[in-house]
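In what follows, a single structure is set out as structure tokens and then discussed.
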Amino acid sequence: MWKDADVEIERLLTRCRAGDRDAWTKLVERLQSTVFGVTRRLGLSEADAADVFQATFIALYRNLDRIDQALTLPRWIAVTATRECYRVRRTYPEATGSADERTLEDTIAVEQRSAEEIAIESERALVLREGLEQLGGRCRVLLTLLYGEVETSYIEIGAKLGMPIGAIGPTRARCLEKLRKILEREAYFREVDVSPERVRTS
Amino acid sequence: MRPCRRFEQALIVLAEGGEAPEAAAHLDQCEGCTRRLAEYRHLLGEGGIARVTQNAPAEWIARAAAIFPEARRAAVLRHSLSQVGARLRDTDTLQIAYEVDGVVLRVQYARLGTGWQITGRVPDLSWTVQHRGASVPLDPEGGFQIDVRETADTGFDLVLPSGRVAIPGVAEALGEPV
Ligand SMILES: [Zn+2]
């Protein structure tokens, strides 16, 4: 599953182990949004998130020789980041009641479940990110501007991409469909709920 | 199930939260269009493109990139080919002497199929030899052996108490093409 991304990550891991600093920089660039996403998802303050971010990559560096399957790396990094978040916050997001009322077993169970969920989400997010990379060029920029975190108007997009405003609509449809096809090949939509009831009501 | 061609654009409009009454009414009877809408909604929703295009601040990324120390490279002191004026591609065995932290490390290379057998002995048992990230076993005298399938794979690392030292691949050490 998700072969292209895995092959590239495996290649980078091998080069990191051989002491290649450039490969490490590339690996950090590839995984940064995963770690950042986890800190956002768990609602850390900026200062805490910065600490978690650094601690997670230090852990990765120390464990470079022990991560032997590329497939597990995105998941590993998400789980590690989640644990670091918990360590920093010392509170648990999904628990009911205060920390004092929870047993240690409850706390651990909540933490593990949440870490696993976040890991799966992060792994998928990375596939989507790689899909956008693969899409490349204007399509990637256009979709990021249109549907990214910061909403951008057609006028601004037209100016940025040097594209007539009338062309943005048809182009965005073509780009979105291209991205969808890439992701379909990677089995990305397998876990999207497509039951008609769900789709109609959302 | 494929979606209907005439609704392809309208499905994107619906996913974007726009109005497309004809397509919306059609969903009840069409699995293909329903599925496609779900996929678009996912891409345009919270967990989709918006989430994955979030980047950490550039200074965090730079700080994480700086975790990786620059590996020192062992210097080549001399090699056996220079004495006979031979090229690597015409050679079956050779020896290269490297300087590592003031100590001379002699490494032997012998052709092995398409690749090489690399042997040597570390002068100090606190040193570790690593090839492709995995530790290479040392015998009680510090001897090691690494078998590789191609010339490009002949580089390895020494992990010393003072840090990591890279032993270059054989072609690189001799300044020849791989
Ligand atoms: Zn239809």
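The values are calculated or read from the model by the stated rules, or taken from the named source; none is laboratory data. Not measured: the values here are computed from a predicted model. We place every Cβ from the backbone using ideal geometry, glycine too, and count neighbours over all the protein chains shown.
Some points to look at:
- Within region B:1-15, residues that are under 13 Å from residue B:26 (Cα atoms) and near the ligand (Cβ under 9 Å from one of its atoms) sit with their Cβ atoms under 8 Å from residues that are of a type in the set (Phe, Trp, Tyr) and part of a helix (DSSP H, G or I), at 6+ positions apart or across chains, in these pairs: B:11/B:40.
- Residue B:99 being modelled with pLDDT of 90 or more, of a type in the set (Asp, Glu) and assigned to a helix (DSSP H, G or I): no
- Any hit, region B:74-81, residues being within 14 Å of another protein chain (Cβ to nearest Cβ) and within 30 Å of the chain's Cα centre (by Cα): yes
- Test: residue in region B:28-39 that is closer than 27 Å to residue A:121 by Cα and more than 10 Å from the ligand (Cβ to nearest atom): yes
- The single residue among A:78, A:59 that is surrounded by 22 or more Cβ atoms within 10 Å (Cβ to Cβ), at pLDDT 75 or above and more than 30 Å from residue A:173 (Cβ to Cβ) turns out to be A:78.
- Unique match (being in the same structural domain as residue B:165 (by TED's automatic domain parsing) and away from the ligand (no atom under 16 Å from the Cβ)) among B:87, B:63: B:87
- Some residue of region B:111-126 being free of Cβ contacts under 8 Å to residues at least 12 places away in the same chain and not in a strand (DSSP E or B): no
- Taking each residue of region B:31-46 that is at the interface with chain A (Cβ under 7 Å from one of its Cβ atoms) and looking for partners that are within 8 Å of the ligand (Cβ to nearest atom) and at pLDDT below 95 with beta-carbon atoms closer than 7 Å, six or more apart or interchain, yields B:34/B:27; B:37/B:27.
- If the condition is being touching a helix residue (DSSP H, G or I) at 6+ places or on another chain (Cβ under 6 Å) and among the aliphatic types (A, V, I, L, M), then region B:51-77 contributes B:52, B:56, B:61, B:64, B:65, B:67, B:76.
- Among the residues of region A:135-169, those that are closer than 29 Å to residue A:42 by Cβ and out of contact with any Leu (no Cβ under 6 Å at 6 or more places or on another chain) comprise A:143, A:144, A:145, A:146, A:148, A:149, A:150, A:151.
- When restricted to residues that are assigned to a loop (DSSP other than H, G, I, E, B), aliphatic (A, V, I, L, M) and within 30 Å of residue A:31 (Cα to Cα), region B:1-55 contains 0.
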